[in-house]
Amino acid sequence: MPHPAILTTQSSTETVQSTYKHVANPTIRHRNVDVQRGAQYRQEPASTSNPIRSDGTRSPAPYFIKRLFFSQGSSLALQSPQPGFWGTYLGPTPSHADCWQELFGVSPATAFGRLHNAAYINRVTALAQVAFLNRLADASGKDSWQLGIAAGEFRETCGMAASLASSLVGAARSIARATRKSPNLVADTLRIYGEQGREAALRNLGGQNTSLLETIVQSWLVKQFGIDPLVNDLFNASVQLQASLADPVRGAETFTTTIRGGSQEFQDREIKVGTAWVNEMHGMSSYLRVRHNVKVGFSAKYRIPVKPTTFQRLGLYNPVLLAEQLTRFSWMADYVTNTSDWLRACMAGQDCRFLEGTRSVVSKVAGLGGYSVGEPGITVVIDPMSHPFVLSTDWFERSILPVVGVLPPFLPAVKNKLNVNKMANSVAALTVLVGSHSRPGPPVIRY
């Protein structure tokens, strides 16, 4: 049922006595301090119900939910200063410290905005845009066969065929040396054996020496284990190319479909929640460890062509992507960024018409723990952040996409988690590759 807008904000504090003293003065002083004990925040807009359309669906509507909950029952603290160091300190007995004032000092709504880091959400959104657009490129039949890349790798393809030929010749010569016969005789015997059978192959050897024939055939079978994969690779590549170039089923020029795609990442970070010498934080600062999980998804209807163009199917419609993938060692950049996917996403919507869609963002932040650090000359004996607390906040937002649909981000995004071992192995392999494939001039094209 529709409901009105919701806005609930609650912050609870407890007035406690803080005991402190100067390191050079034995006088113990007391002061009342308001420490944070809890906070709640919830906000939702008024719900809407769009009319039913002729096709039985409703147009999407924007919506959001923001929630935050925090609770800590105790924040006892105790510090031990070094002799002769100037300043005031908590103690000599444990007392409560207001260690959350920098996070909740204004309002729970302000704390909510600080916990949900906007820059990180935008980075995950950029990854989601690229992932969605690559889904759109797949659905619209682009890059069915990346002929441009195949052409760029033509030297490797020719090398594979040459390797096949040399393997065939090498196999015949190896068998000839083992049997002390000429390579021509071995090759002819194998050909006749396959075409006319065992008896004809024996006659080609000049007699009834079955052991010699068996040796030749068995040696060939052994060599064939290393040759067959090359034959299969060439055969499969030709079949796939022919199938990819075949025309799709003819009919309507376009069709409407819903494309869904997105990205999900998490990030662990620290937030300063209490500052030394502020609000009775005598000589120590407090930090909160949180895990920020963000999931961004796109759902959009597009009208896409049933039959993509030949250039789109062959992967020749995006010259910038083609040039990037033919650049030597471009794969190393993709360990750190999504450059290749981003370049493909830039032209993924070619000949596709956006109809309607939404972007959904789910952002969740959970407190993992915390710690306090003393100023120079101060040792934290009892850490107020070590006492159990609960901090959880989530944010869901659904927004309507503009008339242009999903656009690629302005720049490729840096991936969140880097595989250090893989990166080190890549650098090691790169040094070997450069050393073994050196030539004058800049290394631009892979070879």
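Readers should treat all values here as calculations from the given coordinates under stated rules, not as data from a laboratory. Computed from a prediction, not measured in an experiment: that's the story for all the values here. Please note: Cβ atoms are built from the backbone with ideal geometry, for glycine as well, and neighbour counts cover all protein chains shown.
Put simply, the amide H of GLY370, placed in the peptide plane, has neighbours under 5 Å in ARG289, leaving out anything fewer than 5 places away on its chain. Restricted to Cα atoms, segment 1-113 shows a radius of gyration and a Dmax of 23.7, 83 angstrom. What the phi angles of segment 25-30 give under the Karplus curve with 6.51, -1.76 and 1.60, with θ = phi - 60°, is a coupling list of 10, x, 5, 9, 10, 10 Hz, glycine and proline written as x.
Grab the other residues whose beta carbon is less than 15 angstrom from that of ARG398, score K and R as +1, D and E as -1, and report the net. Spell out each step's value before the answer.
Working: positive: ARG58, LYS66, ARG260, LYS295, ARG359; negative: GLU44, GLU356, ASP394, GLU397.
Spelling it out: positives minus negatives among the neighbours equals +1.
Computed from phi, the 3J(HN,Hα) profile of segment 361-376 under the Karplus parametrisation 6.51, -1.76, 1.60 (θ = phi - 60°) reads 10, 10, 10, 10, 10, 10, x, 9, x, x, 7, 10, 10, x, 5, x Hz, with x in place of Gly and Pro.
Gain in length, ALA46 to GLN17, computed as 0.36 nm per residue apart minus the alpha-carbon separation, to one decimal in nm? If you can, show how the numbers build up before the last one.
On the way: separation 29, 0.36 × 29 = 10.44 nm, distance 4.34 nm.
Extra length from ALA46 to GLN17 when fully extended: 6.1 nm.
Neighbour counts of other Cβ atoms within 10 Å put VAL124, VAL130 in the fewest-to-most order VAL124, VAL130.
Exposure proxy for VAL404, VAL278: other Cβ atoms within 10 Å of each Cβ, ordered fewest to most, give VAL404, VAL278.
For PRO60, what charge total do you get from the other residues with a beta carbon under 11 Å from its beta carbon, if Lys and Arg give +1 and Asp and Glu give -1?
Numbers: positive: ARG58, LYS301, ARG359, ARG398; negative: GLU356.
With Lys, Arg at +1 and Asp, Glu at -1, the neighbours total +3.
Close amide H partners of VAL273, meaning residues 5 or more places away or on another chain with modelled amide H under 5 Å apart, are SER286, TYR287, LEU288.
Could you list GLU195, GLU356 in order of exposure, starting from the residue whose Cβ has the fewest other Cβ atoms within 10 Å? All intermediate terms of the calculation are to be shown ahead of the outcome.
Working: GLU195 9, GLU356 16.
The fewest-first ordering by Cβ neighbours comes to GLU195, GLU356.
Rounded to the nearest Hz, the phi-derived 3J(HN,Hα) couplings of segment 95-103 under the Karplus curve 6.51 cos²θ - 1.76 cosθ + 1.60 (θ = phi - 60°) are 9, 7, 10, 8, 8, 10, 5, 6, 8, where x marks glycine and proline.
Scanning residues 5 or more positions from HIS292 or on other chains, those with amide H under 5 Å from its amide H are GLN267, ASP268, ARG269, with H placed 1.01 Å from N in the peptide plane.
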